[in-house]
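Chemist: Can you keep this structure in mind? I'll have questions shortly.
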Ligand SMILES: Cc1ncc(C[n+]2csc(CCOP(=O)(O)OP(=O)(O)O)c2C)c(N)n1
Ligand SMILES: [Mg+2]
């Protein structure tokens, strides 16, 4: 497949934004500036980037506890994201969600989810809504290898398949569910193999190669959009950081992580490919990096300077009080 | 006024709202081809098509989850749970998704969705098809909970629930589906959050709802023969609770009994009693009494089932203990 320079730059900008955003969040968390806990997406950037490059603003996604990458790739505002992670009132959720619950409904990002496997059926429902309203929107559900062992996975895939709904189920198989290695909890070699149980295509792709992800996602999204029904797309990737920031990582060796970092880092892979083929120059990449770093610093600055929610905001946003609902008051 | 059954009243509400707003659709198990286990959906797919009145796989989790997803994406789903007992299978979707999504995301979205759940013990359906679980949802911020006792409220509350922009749980007692009663013609809404004084009295307030309301009214009649005048309140909505109506009555009668079919322990009666005790205990001339089901699962045998459930006599006895 041929990619334009703009597309290539776009891929790198998104992947590099996710990487730097996450590195910054990591440091800020360790410095005690971020409350709660955070799950980083470092090492998995090519998946969100390659998939989202096929989506329109009006398409839907559902995300996970490890959701910053999806949110950035869908086009969210870094300032409002960072402010949310800080618990500030200028954040996407006015400080009520935090890292694990960022959403931006204006770009079809229906939310990260603190419940593993909580997003499958939300995506199925959004796709059902698209069907009932006669639009050609597509819903993409991101989920982990661990989530694929929840009943919601099986119910959601069956329902989407039997109703031929426009859903793409994207499994980010990062080899671990918290401390549990994938093969000790899962009966199949590939999660995509489970697609056969629902009569839909199951596709395995190298999740550390943004081009491969892009192509596989393109086919799945087109299939969904044109009425062909759902696809189960499994991206094999690797979680380079701990399950959460502060994870002692007793379940794997430093050496294992180091090998992935050296030999299969999606950003390195990308650089090698585009530089090797003379499609982009070091300088062009450096320009992108400089711009991204500036944007992220601006986001951190914005988050730091933003106010916390006021006490009276505690009770806001629970019920809709206006409009037709008023008849129920 | 014309009389129709509770089931017909809910059907009218569905049809009118689906007619009025094409974002409203209905899904659940065995609702389209069969018309619902209690006949409460008969004829709807013929009117609105099998897309908008959808039979689903037996996947309670997916049905409720997809309802939430569809609501987020602009639809107004009505989801039937078949039996309230099966809501357990979808508890994450109800409690962690449906109820919390709006708040957790800072008010960016809304979940205009109705979960309909037939409940109550009837004709030896035994432990897993007989429960009344409404009290669970009193404990979860973000939900509204309504529970009609008659055909008119069944219609008015269902229409109000469908038009509400918040997630609403709509509990409908299985034995009430056949009940006939007057229902106004045409547009008719019952506001969510408003209880109703269905019988006036000066000596004791009996707060009840759903099928037990009828037992409370029978108890009131018998008590009247003995000179005790009970005021009977039909809550109709349990979240948000209409404290105003309850308090006004209790301040007048100075005595309070709460009666419902759900297990007494941790039931809605506990909440009503607590609120009254907390805010207006000085008006009371005696202890508060709760009448509810015994603390056992619903038994199968016709010899046992009625023993487990609260009866008219239990309500009378509770009143006499404090009056
Ligand atoms: C229903 C549920 N069970 C357990 C958890 C705790 N938990 C949070 S993340 C996680 C691991 C998830 O693994 P996976 O789906 O592979 O996603 P990853 O973290 O690897 O991205 C667990 C067990 C949870 N949040 N929700
Ligand atoms: Mg994983």
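Laboratory data are not the source of any read-out in this text; all were calculated from the coordinates shown. A quick note: this is a predicted structure, and the numbers were derived from the prediction, not measured. Counting neighbours? That spans all protein chains shown, and the Cβs are built from the backbone with ideal geometry, glycine included.
Chemist: Given the criterion in contact (Cβ under 8 Å) with a residue 60 or more places away in the chain, within 26 Å of residue A:178 (Cα to Cα) and away from ligand 2 (no atom under 15 Å from the Cβ), identify the matching residue among A:47, A:51, A:124.
Modeler: The conditions single out A:51.
Chemist: Further question on the same structure: So residue B:142 clears everything in (1) within 14 Å of chain A (Cβ to nearest Cβ); (2) without any contact (Cβ under 8 Å) to a residue 40 or more places away in the chain except one condition, right? Which one?
Modeler: It fails just one condition, (2).
Chemist: Same structure, new question: With the requirement that a residue be within 16 Å of ligand 1 (Cβ to nearest atom) and surrounded by 12 or more Cβ atoms within 10 Å (Cβ to Cβ), what does region A:247-267 give you?
Modeler: Correct list: A:247, A:249, A:251, A:252, A:256, A:257, A:260, A:266.
Chemist: Let me ask another. If I go through region B:100-136 residue by residue, how many of them are in contact (Cβ under 8 Å) with a residue 24 or more places away in the chain, within 14 Å of another protein chain (Cβ to nearest Cβ) and in contact with a helix residue (DSSP H, G or I) (Cβ under 8 Å, 6 or more places away or on another chain)?
Modeler: The number of residues fulfilling the criteria is 8.
Chemist: Return the residues of region B:79-99 that are under 15 Å from residue B:141 (Cβ atoms), assigned to a helix (DSSP H, G or I) and more than 7 Å from chain A (Cβ to nearest Cβ); say none if nothing qualifies.
Modeler: Across region B:79-99, the qualifying residues are B:94, B:95, B:98.
This table checks each residue for (1) free of Cβ contacts under 8 Å to residues at least 60 places away in the same chain; (2) touching a helix residue (DSSP H, G or I) at 6+ places or on another chain (Cβ under 8 Å).
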site: A:58; (1), (2): no, no
site: A:64; (1), (2): no, yes
site: A:72; (1), (2): yes, yes
site: A:78; (1), (2): no, yes
site: A:81; (1), (2): no, yes
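Chemist: For region A:116-151, how many residues are within 10 Å of chain B (Cβ to nearest Cβ) and either more than 16 Å from ligand 1 (Cβ to nearest atom) or not in a loop (DSSP other than H, G, I, E, B) (or both)?
Modeler: Counting residues in region A:116-151 that are within 10 Å of chain B (Cβ to nearest Cβ) and either more than 16 Å from ligand 1 (Cβ to nearest atom) or not in a loop (DSSP other than H, G, I, E, B) (or both) gives 19.
Chemist: Determine whether residue B:241 is surrounded by 15 or more Cβ atoms within 10 Å (Cβ to Cβ) and either part of a strand (DSSP E or B) or in contact with a strand residue (DSSP E or B) (Cβ under 9 Å, 6 or more places away or on another chain) (or both).
Modeler: So residue B:241 does not fit the description; no.
Chemist: Say whether the condition of being surrounded by 15 or more Cβ atoms within 10 Å (Cβ to Cβ), away from ligand 2 (no atom under 16 Å from the Cβ) and part of a loop (DSSP other than H, G, I, E, B) is met by at least one residue in region A:188-204.
Modeler: yes
Chemist: Oh, and also: Looking at region A:166-187, which of its residues are more than 15 Å from ligand 2 (Cβ to nearest atom) and either surrounded by fewer than 21 Cβ atoms within 10 Å (Cβ to Cβ) or more than 21 Å from the chain's Cα centre (by Cα) (or both)?
Modeler: Residue satisfying the conditions is A:187 alone.
Chemist: To continue, here is another question. Restricting region A:155-180 to residues that are within 12 Å of chain B (Cβ to nearest Cβ) and under 17 Å from residue A:63 (Cα atoms), which is farthest from ligand 1 (Cβ to nearest atom)?
Modeler: A:166
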